[in-house]
Structures are given as C-alpha cells and as structure tokens.
1. More than 25 Å from HIS132 (Cα to Cα), modelled with pLDDT under 90 and of a type outside the set (Ser, Thr, Tyr): is that true of ASP109 in this structure?
2. Could you please let me know if ASP152 is among the acidic types (Asp, Glu), over 22 Å from GLY228 (Cα atoms) and either assigned to a loop (DSSP other than H, G, I, E, B) or in contact with a Gly (Cβ under 6 Å, 6 or more places away or on another chain) (or both)?
3. Being of a type outside the set (Ser, Thr, Tyr) and closer than 30 Å to TYR147 by Cα, is that true of even one residue in segment 14-23?
4. Looking at (1) modelled with pLDDT under 90; (2) farther than 25 Å from VAL163 by Cβ; (3) surrounded by fewer than 16 Cβ atoms within 10 Å (Cβ to Cβ), which is the one condition that is false for THR84?
5. In this structure, is GLU29 of a type outside the set (Gly, Ala, Ser), at pLDDT below 90 and out of contact with any Gly (no Cβ under 8 Å at 6 or more places or on another chain)?
6. Looking at this structure, is VAL65 β-branched (Val, Ile, Thr), within 21 Å of the chain's Cα centre (by Cα) and under 26 Å from LYS153 (Cα atoms)?
7. Among the residues that make up segment 34-49, is at least one of them touching a Gly at 6+ places or on another chain (Cβ under 7 Å) and crowded, with 21+ Cβ neighbours inside 10 Å?
8. Could you tell me which residue of segment 194-250 is surrounded by the most Cβ atoms within 10 Å (Cβ to Cβ), considering only residues that are touching a Phe, Trp or Tyr at 6+ places or on another chain (Cβ under 8 Å) and in a strand (DSSP E or B)?
Amino acid sequence: MYNRVLMISEKETFIAMTLQKSLRDNGFEVSHSLPNVQKINEYNEKVDIYIFYMDEGTAIDMDTVVYLKDKCVEEDIMVILIGTNDEFREATKILPQENLDAFFLRPFDMKQCIDKIKLLVDRQEIENRKKHVLIVDDDVTFLKMAYSWLKDKYKVSIVNSAVQAITWLAKNKADVVLLDYEMPVVDGPALLEMLKSETDTDGIPIFFLTGKSDLKSVQKVMDMKPQGYLLKASGKHSLLQELDKFFIAQKTMK
C-alpha cells in the first residue's frame with residue numbers, strides 16, 4: 001500500500017493541518033517537513049507521496065521543486081502540488097506537468113482532494129503490478145518513442161546514459177533492461193559487462209535494442225550472453241511480441 005505521505009509546507013496553516021488529519025483518518029501515514037531539501041531528505045526512505053503545499057504569501061522554494069522533479073522522474077514517487085495558478089505555473093517551469101500526479105487549486109474541496117489521492121494510490125497499486133522495463137539509450141527521441149510503445153502494457157522508466165542506468169538500478173528494480181549498443185563514454189557492451197559483474201544486477205535480463213545489425217557487433221555481444229538482441233527497425237509490434245514472449249516463458253518456468 002502506497003500510504004506514506006510527506007506534507008511539505010512553510011507554515012502549518014489550518015488548511016494544511018486539516019488536510020494532514022483527513023489523510024490520517026483515511027489510513028495514510030503523514031509526516032511534515034519545511035521546504036528544505038536537507039530536511040526533506042531525512043524522510044527519503046519513508047515516503048510514497050510528496051504533497052507540496054505552496055503557502056500563500058511565501059516564495060516557492062525552487063530547490064524543493066528540483067528535488068521533487070528528481071524524485072518523480074528517477075524513483076517514480078508520486079508528487080502532488082497545492083497552490084494558486086501562478087504558483088503552479090512557476091513550479092512547472094522546473095517540474096514538468098507530465099511528471100505531476102495531481103495539482104489542487106487553493107482553496108480546494110477537502111473531500112475531493114482526499115478522494116483524488118485515494119484514486120491515485122489505487123492506480124499506482126495497479127501500475128506497480130505491471131512488469132518494469134528500463135530503457136537505456138542516449139537518443140532522447142527514440143527513448144520517448146519506445147516509452148510510448150510500451151507504457152500501456154508495462155511500467156517503463158527511461159535513462160539516457162550508462163551512468164544514469166547504474167544510479168537508477170542502485171535504487172530500483174527492473175524486470176528487464178532494454179539497452180542501446182552505441183552510447184558515449186560507456187557503451188552498451190561495457191555496461192552489460194559491468195552489470196553482470198555485480199551481484200545485485202547480474203540476474204537482470206538484458207536485451208539489446210539497437211540499430212547495429214552487422215554480424216561482428218552482434219557476435220561480440222551475443223558472446224556475453226544477453227537475453228536477446230533486438231533491432232529498433234523492427235518496430236513496436238515486434239518489440240511488444242518479444243517482451244510478451246519472454247515474460248510468458250518466465251511465468252511458465254515458475
């Protein structure tokens with residue numbers, strides 16, 4: 001159950017405190033923090049939902065917004081904003097709207113707010129039962145396209161470098177990694193070798209998803225025994241078919 005909430009606000013106003021009480025009455029575990037990254041980070045391991053209550057008459061702490069952006073992008077933690085339209089526009093200059101789970105315009109209906117949060121939690125529970133696919137590729141355009149191909153059937157996270165992939169995998173679990181071959185600094189084969197050398201990641205199934213189709217490149221990585229080698233040019237249907245076939249085979253083996 002995704003029920004651990006951190007309420008972030010400069011002041012504990014009557015409305016903010018009432019919201020915290022209502023959340024507790026509905027089964028949520030609620031803590032409070034000032035909009036200070038160091039303070040917020042103290043709750044890092046105990047938060048499923050961040051609610052940033054942007055207080056009237058108080059400047060928005062942009063370091064907090066950056067922190068929340070990183071959390072919802074890298075760790076898929078739920079982020080909710082409460083404030084005015086002006087505050088929302090200011091915050092979403094940093095925190096993209098597509099990464100926000102909800103925004104409530106102040107003043108707001110308390111019951112509608114609680115009902116919406118409960119609905120978001122239910123949806124998150126359903127989402128987290130999906131298999132999780134991590135896509136690693138330095139081509140941002142392809143990342144977005146591959147995400148759109150898979151997002152309806154799988155839970156999908158994207159990173160654009162080997163370093164980001166290692167950082168992500170240190171904090172999250174992937175059921176499959178789709179890995180590009182050619183990337184700057186650390187390429188796909190090098191990342192595969194690094195992941196296979198670590199006990200925490202050596203069991204993750206890794207498919208190459210690449211545009212390189214020459215025999216020498218394919219043979220180089222197949223000798224490293226990835227789960228498979230897929231070509232980007234094969235398109236959406238082929239990729240979904242291969243992933244479906246893999247997960248069905250896994251389930252059958254279990």
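The values are calculated or read from the model by the stated rules, or taken from the named source; none is laboratory data. Keep in mind it's a predicted model, so treat the numbers as computed, not measured. Positions of Cβ are generated from backbone atoms using ideal geometry, with glycine treated the same way; all protein chains shown enter the neighbour counts.
1. Numbers: more than 25 Å from HIS132 (Cα to Cα): yes; modelled with pLDDT under 90: yes; of a type outside the set (Ser, Thr, Tyr): yes.
In short, yes.
2. On the way: among the acidic types (Asp, Glu): yes; over 22 Å from GLY228 (Cα atoms): yes; either assigned to a loop (DSSP other than H, G, I, E, B) or in contact with a Gly (Cβ under 6 Å, 6 or more places away or on another chain) (or both): yes.
Against the criterion (among the acidic types (Asp, Glu), over 22 Å from GLY228 (Cα atoms) and either assigned to a loop (DSSP other than H, G, I, E, B) or in contact with a Gly (Cβ under 6 Å, 6 or more places away or on another chain) (or both)), ASP152 qualifies.
3. Taking segment 14-23 and keeping what is of a type outside the set (Ser, Thr, Tyr), we get 14-17, 19-21, 23.
Next, from what is left, pick out any that are closer than 30 Å to TYR147 by Cα: none.
No, there is no match, as no residue in segment 14-23 is of a type outside the set (Ser, Thr, Tyr) and closer than 30 Å to TYR147 by Cα.
4. (1)
5. Values: of a type outside the set (Gly, Ala, Ser): yes; at pLDDT below 90: no; out of contact with any Gly (no Cβ under 8 Å at 6 or more places or on another chain): yes.
It is false that GLU29 is of a type outside the set (Gly, Ala, Ser), at pLDDT below 90 and out of contact with any Gly (no Cβ under 8 Å at 6 or more places or on another chain).
6. Details: β-branched (Val, Ile, Thr): yes; within 21 Å of the chain's Cα centre (by Cα): yes; under 26 Å from LYS153 (Cα atoms): no.
No.
7. Going residue by residue through segment 34-49, those that are touching a Gly at 6+ places or on another chain (Cβ under 7 Å) are none.
No; the residues of segment 34-49 include none that is touching a Gly at 6+ places or on another chain (Cβ under 7 Å) and crowded, with 21+ Cβ neighbours inside 10 Å.
8. PHE208
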